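See below for the structure under consideration.
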Amino acid sequence: MLDNYDLDNAYEINGPDEAKRLYGSWATTYDESFGKGWGYIAPREIAGILKAEVSDDVAILDAGAGTGLVAEHLGDLTVDAFDITPEMLLVAEGKRLYRNLILGDLTKPLNLPDAAYDAVVSCGT
């Protein structure tokens with residue numbers, strides 16, 4: 001568990017396996033230690049930009065969803081979470097923000113149907 005997270009660690013990730021390890025160990029404290037602790041406003045701002053551009057009846061893929069910091073600001077829009085880290089998706093699941101939680105790796109072809117989403121959002125991925 002990473003209580004005192006050093007942001008430089010995220011910038012030094014070398015590949016999907018390292019991402020899984022780092023974010024998996026950070027999942028339970030991510031929102032508090034990074035989201036609030038660092039004053040991370042990007043999820044709120046990115047969600048606001050997206051909401052201004054889409055209608056209410058769209059399906060959105062949150063690529064690199066993590067714990068759901070972007071989806072927290074998307075209101076009642078239909079959003080699916082896609083992330084490489086099961087532990088992050090578990091935290092997101094508890095927030096009940098997503099229609100579906102999809103475990104996957106963005107460095108590989110996505111096993112998703114063509115044209116399944118009207119928009120894709122990503123923050124910090």
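Taking the highest mean first, how do the peptides 100-106, 113-119 order by number of other beta carbon atoms within 10 angstrom per residue?
Top of the packing list down: 100-106, 113-119.
Work out how much length GLU45 to THR107 would gain on full extension: take 0.36 nm times their residue separation and subtract the Cα-Cα distance, in nm to one decimal.
Working: separation 62, 0.36 × 62 = 22.32 nm, distance 2.54 nm.
Residue separation times 0.36 nm, minus the Cα-Cα distance, leaves 19.8 nm.
Keeping all protein chains in the complex and leaving out DNA, RNA and ligands, what accessible area do you get for ARG21 with a 1.4 Å probe, in Å² to the nearest 10?
The accessible area of ARG21 comes to roughly 150 Å².
The values are calculated or read from the model by the stated rules, or taken from the named source; none is laboratory data. No experiment lies behind these values; they were computed from the predicted model shown. Neighbour counts run over all protein chains shown; Cβ positions are idealised from the backbone, glycine included. Ligands, DNA and RNA are excluded from the accessible area calculation, which covers all protein heavy atoms including side chains. Shrake-Rupley method; radii C 1.70, N 1.55, O 1.52, S 1.80 Å.
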